[in-house]
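Asker: Sharing a structure, written as structure tokens. Questions coming.
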Amino acid sequence: MRKITLLLKSFTLLCFLLLLSNCGINEIEDNSTASAVNEVKNWYGLHKNELNSPIFEYIDALEWENAIISDGADGVVIEVPFTLQSQLQSSNEKASLFNDHHRLMFLKNDQNKFRVFYVQIFTDSKQSNVDNNNFNYYNINENFDGKVFLQDLSNGVNTQLQFKDGNKVLPSQTAKMREEAITCVWIGWWKEDGFHPIQLLYCEGGGPTGEEDIPPSYGGGGGAGSNPGASTPVKPQIIDNLTGKAKCLNSLLSSNGNNFVQNIFNQFAGNSEFNIQIVSLPNVYSSTTQEVNGTTSFDKVNRLITIEISTNRLDGLAALESARIILHEYIHADIYRKLNTTNSNDIDASNFKQVFETYENQHNAMAQVYLSSMKDALKAFHKTVLSADYNNYTNYYGEEPSDAFYEAMAWGGLKDSNVKAWTDLPEDKKTSINSLASRVPILGKTVSCP
Amino acid sequence: MKKYIYLYAAFLFGFSLYAQEKSNGTFFFKLDDSYIVESKTSPNKFLLKDKNEDEVFYFKGVEIVNDLKPKEVLCLKDFVRTSKYYNKNKKNKLNNSELVNFFSNSTVYLVKRKNDKTEFIKVNPIVEIYD
């Protein structure tokens, strides 16, 4: 009997010790977790201003107390959930992304600094949900059907990952399918009749770009080797959310445009007073619901100029005409910049402001001030960048395109609004311009990007 | 020490006066589709019936608030047409850039009655040009 009592006492003591030992481990884990979160929180407090994304305008509060910590091949990863201010949510224009979850994700690099990503998780169906705690960088819910978007906040690289039954789905390798898979994510409101977008966050591109700074692969970790859906990095001042032909032409204008074009792009580089967001939309409409090639809008409160380019229109137009449309919209952006700059040392802008009233409106100002530069820019771009098309024109008409031809192109988008500069032209000049402009549609529609 | 506290308080007061000077105040305008209407092609874009030929002024919704108590809800048509930013004798009647300047320094809500509830849509002024 004494033996049994002794055995029971020993067992009770062992259980007690085990219990104590378990408590000890939990305490250590809790301390280590709290310390990791605090380290990130302190770092974030010091470096927040270096991170760039429209989402920062809409974050309600970071839920540090609910931080999700996971560990694996890429080290400790800390994800801090947050919600958006005043009932705002996010989705795409088709309203096919549901149940948005937002997180800031911190990955420590070798230099003891953090790479920060904006992570958005969406489900494919309204009814599904994401189990927050078990859904992290190294682990995806078993039945998860949806998308995860990663935006590297240090360089603007965007990555889209798609999951089916918790497994990553590789993107299509054909260009056409990749174009169709492009998703733009917006901030907006869900109402009874669907999603109402108000602010574009970013658009996703197709396949790998070959850029060196490849983002990590969310969902099961696996390091930086695979990069199924990254788009080109963007300069923070010109937020490039274009797709397809427009993206290609914008990139060629930015890198190969003549001095006039470079000068316009440079106005929005560095510590510019204004930022430009240029975006492709399937269709773009005027206030009278008429379909148009593009629009440029100015938001003085946010010091943001937004250019919208119609994919539908550009797909049916010659490449050079499409470049003309993009350049035309950038000139509107430059006019808004000149009219609204507070930099009194900008002599060019000051002079422009003084005479702008005499032009009555932007299109007339463009015709009076910019037409000649546009003509030269289109000519240089055709000859040096779209050289095959330039040669085709020469072979077809038996002559090189004349300056008058490029001037006729530059009148596009101006003469139709019957600006004074156009109505003041002699009739024979107008006839000649219209005749040369009729040659534009025979130019090549396609453009190849390296 | 007291001297520094007074200096600091004076600085804060001065700064607050400056901030008030900059702001044109808060305006509540009725949204009833008679003068200002939501675009059919772009949600949260609230267009005025007065518009210029190739450039349009509009308000963009940025936030919905439910629990405000405005002292007065104004008619935007009256407000615009009696302002210095409207000239009925000109082809382009609205002075878009000055309207944007004015409303950029104001807080503007559009007030909408919906299912017996009042919705306040906070908006920013925008100008946009086509083609």
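Asker: For the stretch A:377-395, does any single residue satisfy the condition of being of a type in the set (Gly, Ala, Ser) and either in contact with a strand residue (DSSP E or B) (Cβ under 6 Å, 6 or more places away or on another chain) or assigned to a loop (DSSP other than H, G, I, E, B) (or both)?
Answerer: no
Asker: As an exercise: evaluate A:Ser350 against (1) surrounded by 16 or more Cβ atoms within 10 Å (Cβ to Cβ); (2) among the hydroxyl-bearing types (Ser, Thr, Tyr); (3) closer than 29 Å to B:Lys91 by Cα and give the number of the one condition it does not meet.
Answerer: (1)
Asker: Could you grab the pairs with beta carbons closer than 9 Å, sequence gap of 6+ or different chains, first residue in the stretch A:313-330 and within 12 Å of A:Leu249 (Cα to Cα), second one acidic (Asp, Glu)?
Answerer: From the stretch A:313-330, the pairs are A:Leu314/A:Glu321; A:Ala318/A:Asp389; A:Ala319/A:Asp389; A:Leu320/A:Asp389; A:Ser322/A:Asp315; A:Ile325/B:Asp131.
Asker: Quick one: in the stretch A:299-322, of everything that is in a helix (DSSP H, G or I) and not aliphatic (A, V, I, L, M), which residue is surrounded by the most Cβ atoms within 10 Å (Cβ to Cβ)? Please lay out each step first, then the result.
Answerer: Narrowing the stretch A:299-322 to residues in a helix (DSSP H, G or I): A:311-315, A:319-322.
Subset that is not aliphatic (A, V, I, L, M): A:311-313, A:315, A:321-322.
Numbers: A:Thr311: 18, A:Asn312: 13, A:Arg313: 20, A:Asp315: 13, A:Glu321: 20, A:Ser322: 25.
Applying the filter and picking the extreme gives A:Ser322.
Asker: Check A:Thr289, A:Thr358, A:Thr342, A:Thr296 and return the single one that is part of a strand (DSSP E or B) and either surrounded by fewer than 20 Cβ atoms within 10 Å (Cβ to Cβ) or modelled with pLDDT of 95 or more (or both).
Answerer: Details: A:Thr289 fails: part of a strand (DSSP E or B); A:Thr358 fails: part of a strand (DSSP E or B); A:Thr342 fails: part of a strand (DSSP E or B).
That would be A:Thr296, the only listed residue that is part of a strand (DSSP E or B) and either surrounded by fewer than 20 Cβ atoms within 10 Å (Cβ to Cβ) or modelled with pLDDT of 95 or more (or both).
Asker: Follow-up. Which one is surrounded by the fewest Cβ atoms within 10 Å (Cβ to Cβ), of the residues in the stretch B:22-47 that are more than 9 Å from chain A (Cβ to nearest Cβ) and of a type in the set (A, V, I, L, M)? Spell out the reasoning first.
Answerer: Start the filter on the stretch B:22-47 by keeping residues that are more than 9 Å from chain A (Cβ to nearest Cβ), which leaves B:22-38, B:46.
Next cut, of a type in the set (A, V, I, L, M) only: B:31, B:36-37.
Working: B:Leu31: 25, B:Ile36: 22, B:Val37: 16.
That would be B:Val37.
Asker: If I filter the stretch A:168-193 down to residues being assigned to a strand (DSSP E or B) and surrounded by fewer than 14 Cβ atoms within 10 Å (Cβ to Cβ), which single residue comes out as modelled with the lowest pLDDT? Write out each step before concluding.
Answerer: Here is the first cut: in the stretch A:168-193, the residues assigned to a strand (DSSP E or B) are A:168-169, A:184-191.
Restricting the remaining residues to those that are surrounded by fewer than 14 Cβ atoms within 10 Å (Cβ to Cβ) gives A:169, A:191.
On the way: A:Val169: 74, A:Lys191: 80.
By that ranking, first place goes to A:Val169.
Asker: Determine which member of the set A:Asn258, A:Asn293 is touching a residue at least 40 places away in the same chain (Cβ under 8 Å), away from chain B (no Cβ under 14 Å) and not hydrophobic (A, V, I, L, M, F, W, C). Before you say what the answer is, go through the steps one by one.
Answerer: Values: A:Asn293 fails: away from chain B (no Cβ under 14 Å).
When all the criteria are applied, what remains is A:Asn258.
Asker: Please count how many residues of the stretch B:48-65 are at the interface with chain A (Cβ under 10 Å from one of its Cβ atoms), within 14 Å of B:Glu128 (Cα to Cα) and part of a strand (DSSP E or B).
Answerer: Looking only at the stretch B:48-65, we keep the residues that are at the interface with chain A (Cβ under 10 Å from one of its Cβ atoms), and these are B:48, B:51-58, B:60-65.
Keeping just the survivors that are within 14 Å of B:Glu128 (Cα to Cα) gives B:48, B:51-58, B:60.
If we keep only those that are part of a strand (DSSP E or B) as well, we get B:48, B:55-58, B:60.
So the count comes out to 6.
Asker: Kindly indicate whether any position in the stretch B:77-85 is in contact with a helix residue (DSSP H, G or I) (Cβ under 8 Å, 6 or more places away or on another chain), at pLDDT 85 or above and over 27 Å from B:Thr118 (Cβ atoms).
Answerer: Yes, there is a match, as at least one residue in the stretch B:77-85 is in contact with a helix residue (DSSP H, G or I) (Cβ under 8 Å, 6 or more places away or on another chain), at pLDDT 85 or above and over 27 Å from B:Thr118 (Cβ atoms).
Asker: Does any residue of the stretch A:35-42 turn out to be touching a helix residue (DSSP H, G or I) at 6+ places or on another chain (Cβ under 9 Å), modelled with pLDDT of 80 or more and more than 17 Å from A:Leu153 (Cβ to Cβ)?
Answerer: Going residue by residue through the stretch A:35-42, those that are touching a helix residue (DSSP H, G or I) at 6+ places or on another chain (Cβ under 9 Å) are A:37-38, A:40-41.
From what is left, the residues that are modelled with pLDDT of 80 or more are A:37-38, A:40-41.
Next, only the ones that are more than 17 Å from A:Leu153 (Cβ to Cβ) stay: A:37-38.
So far as the stretch A:35-42 goes, yes, one or more of its residues are touching a helix residue (DSSP H, G or I) at 6+ places or on another chain (Cβ under 9 Å), modelled with pLDDT of 80 or more and more than 17 Å from A:Leu153 (Cβ to Cβ).
Asker: Of these, A:His101, A:His47, which one is surrounded by 13 or more Cβ atoms within 10 Å (Cβ to Cβ) and in a helix (DSSP H, G or I)?
Answerer: On the way: A:His101 fails: in a helix (DSSP H, G or I).
Answer to the selection: A:His47.
Asker: Shifting gears a bit: So if I check each of A:Leu320, A:Leu339, which one is within 13 Å of another protein chain (Cβ to nearest Cβ) and of a type in the set (A, V, I, L, M, F, W, C)? Walk me through how you get there before you give the answer.
Answerer: On the way: A:Leu320 fails: within 13 Å of another protein chain (Cβ to nearest Cβ).
It is A:Leu339.
Asker: Within the stretch B:101-115, identify whether any single residue is within 7 Å of chain A (Cβ to nearest Cβ) and either in contact with a helix residue (DSSP H, G or I) (Cβ under 8 Å, 6 or more places away or on another chain) or at pLDDT below 90 (or both), and answer yes or no.
Answerer: Looking through the stretch B:101-115, none of the residues is within 7 Å of chain A (Cβ to nearest Cβ) and either in contact with a helix residue (DSSP H, G or I) (Cβ under 8 Å, 6 or more places away or on another chain) or at pLDDT below 90 (or both).
Asker: β-branched (Val, Ile, Thr) and surrounded by fewer than 19 Cβ atoms within 10 Å (Cβ to Cβ): does that describe A:Val80?
Answerer: no
Asker: I've got another one for you. Please state which one of A:Asp131, A:Asp165, A:Asp100 is at negative phi, at pLDDT below 85 and acidic (Asp, Glu).
Answerer: Numbers: A:Asp165 fails: at negative phi; A:Asp100 fails: at pLDDT below 85.
Criteria check complete, one pass: A:Asp131.
Listed here are the residues, each with its yes/no results for (1) of a type outside the set (D, E, K, R); (2) loosely packed, with under 15 Cβ neighbours inside 10 Å; (3) closer than 30 Å to A:Asn283 by Cα.
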site: B:Leu74; (1), (2), (3): yes, yes, no
site: B:Ser83; (1), (2), (3): yes, yes, no
site: B:Asn87; (1), (2), (3): yes, yes, no
site: B:Lys90; (1), (2), (3): no, yes, no
site: B:Leu99; (1), (2), (3): yes, no, yes
site: B:Ser104; (1), (2), (3): yes, no, yes
site: B:Val108; (1), (2), (3): yes, no, yes
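The values are calculated or read from the model by the stated rules, or taken from the named source; none is laboratory data. All values reported here derive from a predicted model rather than from experimental measurement. Cβ: placed from backbone, ideal geometry, glycine included. Neighbour counts: every protein chain shown.
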